[in-house]
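Colleague: If you scroll down you'll find the structure; I have some questions about it.
What follows draws every value from the coordinates through simple rules; no lab data is involved. Being a predicted model, the structure only gives us computed values, none of them experimental. All Cβ positions, glycine included, derive from the backbone under ideal geometry; neighbour counts span all protein chains shown.
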Amino acid sequence: MNTEKSKSLFEEAKKIIPGGVNSPVRAFKSVGGNPIFVQRGSGSKFYDVDGNEYIDYIGSWGPHLFGHNPSFIKKALLNAIENGTSFGAPTEIEVQMAKLITELVPSVEMVRMVNSGTEATMSAVRAARGFTGKEKIIKFEGCYHGHGDFFLIKAGSGALTFGVPTSPGVTKGNAADTLIADFNNIESVKKLIQANKNEIAAVIIEPVVGNMGTVRSNDSFIKELREICSNENIVLIFDEVMTGFRLAKGGAQEILGITPDLTTFGKIIGGGLPVGAYGGKKEIMEMVSPSGPVYQAGTLSGNPLAMNAGLAALNQIKNHPEIYTQLEEKGKYLEDGIKSGIKSIGKNYQLNRVGSMMTLFFTEEPVVDYNSAVKSDTKLFAKYFHEMLNQGIYFPPAQFEAMFISTEHTKEDLDKTIEVNLKALKSL
Ligand code: PMP
């Protein structure tokens with residue numbers, strides 16, 4: 001595969017952009033080699049600047065539930081652009097957006113739009129602190145909630161991949177207010193609450209994790225977590241930036257049957273444009289400015305282009321609920337195919353999947369939390385990743401991430417992926 005143009009662009013980029021990229025995992029640093037510079041995408045595929053075609057399983061890291069450049073989003077954007085790009089004054093579409101979110105996700109009684117997942121989680125925690133009058137939060141080791149200072153403590157995703165789960169630049173003060181529990185381990189949560197009685201404002205969790213690779217929370221764990229938070233006057237925040245509108249129209253909370261107090265969104269909710277949102281119980285959301293004293297604002301929040309793209313995506317979800325059954329079928333098909341490849345080479349590598357989110361870990365022990373995820377052989381993963389890439393299959397270029405299936409992945413795409421997977425596994 002010729003990737004000369006990507007290579008020379010990367011050399012140029014490294015001189016003027018830190019690491020040559022605008023978000024770390026794009027740089028292929030943990031898997032080695034040269035990142036692919038993308039030119040355009042369509043459906044399940046994208047094409048690089050050298051003209052190579054890839055079946056894409058990152059979907060811009062989650063937003064592209066309907067594949068690249070779906071016609072209904074393109075149309076919505078073209079219509080919107082006729083009227084102007086931004087006003088900084090209320091627009092009707094923001095009301096429509098809020099109505100549709102509150103309809104699709106029943107726990108969300110009120111919602112505020114922001115511009116990224118990071119903004120959503122930072123703002124949700126601030127609202128929880130304002131509401132409870134308490135300051136500390138609990139997060140789980142290996143979960144990623146964006147790059148807000150107080151989240152970059154034992155974080156997942158790129159922070160984990162690059163070996164800086166706790167980033168320099170985060171103050172001791174910030175770190176002291178973030179307590180770390182073990183995912184799927186309710187005793188670790190109870191201990192922290194006991195030791196910090198009446199000091200914890202919020203527990204934030206990815207109810208199905210994508211950022212240590214795909215890991216589902218146990219039913220009993222998440223149920224007990226809900227009960228404890230209610231009993232202790234702690235705001236339970238589900239970070240559904242990745243899982244929202246992906247696992248079900250009502251997100252992970254719908255499939256787990258658990259109602260959080262606040263939920264954060266991003267990715268799919270923007271239809272491929274920069275959008276985030278946070279919402280939940282009315283009594284908490286009414287703390288947010290200007291109805292309450294907790295300040296949060298944004299020059300481009302509720303931006304008309306972003307709202308039109310996002311609303312087009314959410315309307316498609318509302319009008320086609322059958323997509324989730326189809327995504328589950330595709331996910332199962334790919335899972336079975338990849339697993340049969342693993343079996344045929346005599347290994348028991350773990351493949352975790354929830355709906356259209358999936359991660360292959362190069363470890364033979366079940367992956368249920370951070371400690372079991374990091375047992376994966378990342379050198380083997382890197383080799384596997386490049387074998388797949390060279391055959392035109394673009395998996396996430398880092399171990400501790402989820403891959404995503406879209407409605408546009410065809411049986412032919414999945415069959416090719418299964419075939420290449422077998423070749424890649426045999427070559428390891
Ligand atoms: N929360 C979760 C669960 C995420 O997966 C991400 C991004 N991958 C974020 C928050 C941060 O979102 P953004 O990158 O849009 O700031």
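Colleague: Considering region 254-382, what Rg and Dmax in Å follow from its alpha-carbon atoms?
Modeller: Calculated on Cα positions, Rg and Dmax stand at 20.1, 61 Å.
Colleague: Now a separate question. Under a Cβ-Cβ cut-off of 11 Å, what is the net charge of the residues other than Tyr47 that fall near it, where Lys and Arg count +1 and Asp and Glu count -1?
Modeller: That works out to -2.
Colleague: What's the whole-number percent of alpha carbon pairs in region 1-88 lying beyond 16 angstrom?
Modeller: The answer is 64 percent, as a whole percent.
Colleague: What distance in nm lies between label points placed 7 Å from Cα along the C-beta direction at Lys99 and Asp415?
Modeller: Here the answer is 4.5 nm between the modelled labels.
Colleague: Oh, and also: Suppose R0 equals 25 Å; then what is the FRET efficiency for Thr325 and Glu109 from their Cβ-Cβ distance, rounded to the nearest 0.05?
Modeller: 0.35
Colleague: Continuing with this model, one more query. Along Cα→Cβ, 7 Å out, is where each label goes; now give me the distance between the ones at Lys190 and Asn233 in nm to one decimal.
Modeller: The two pseudo-label positions are separated by 2.3 nm.
Colleague: Relative to the compact-globule scaling 2.2 N^0.38 Å, provide the ratio for the alpha-carbon radius of gyration of region 71-319.
Modeller: 0.98
Colleague: On the principal axes of its Cα set, how long, how wide and how thick is the chain? Give whole Å, largest value first.
Modeller: Taking max minus min along each principal axis of the Cα atoms, the chain gives 57, 54, 46 Å.
Colleague: Between Asp336 and Asp50, what is the FRET efficiency for a Förster distance of 30 Å, r being their Cβ-Cβ separation, to the nearest 0.05?
Modeller: The formula returns an efficiency of 0.35 here.
Colleague: How long is the gain from Ile81 to Arg40 if the chain were fully straight, where each residue apart is worth 0.36 nm and the alpha carbon distance is subtracted?
Modeller: 12.7 nm
Colleague: Nearest 0.05, what FRET efficiency do Asp219 and Asn348 give at R0 = 41 Å with Cβ-Cβ as r?
Modeller: It comes to 0.95.
Colleague: Fully extended, how many nm does the chain gain between Glu11 and Asn371 (0.36 nm per residue separation, minus their Cα-Cα distance)?
Modeller: 126.0 nm
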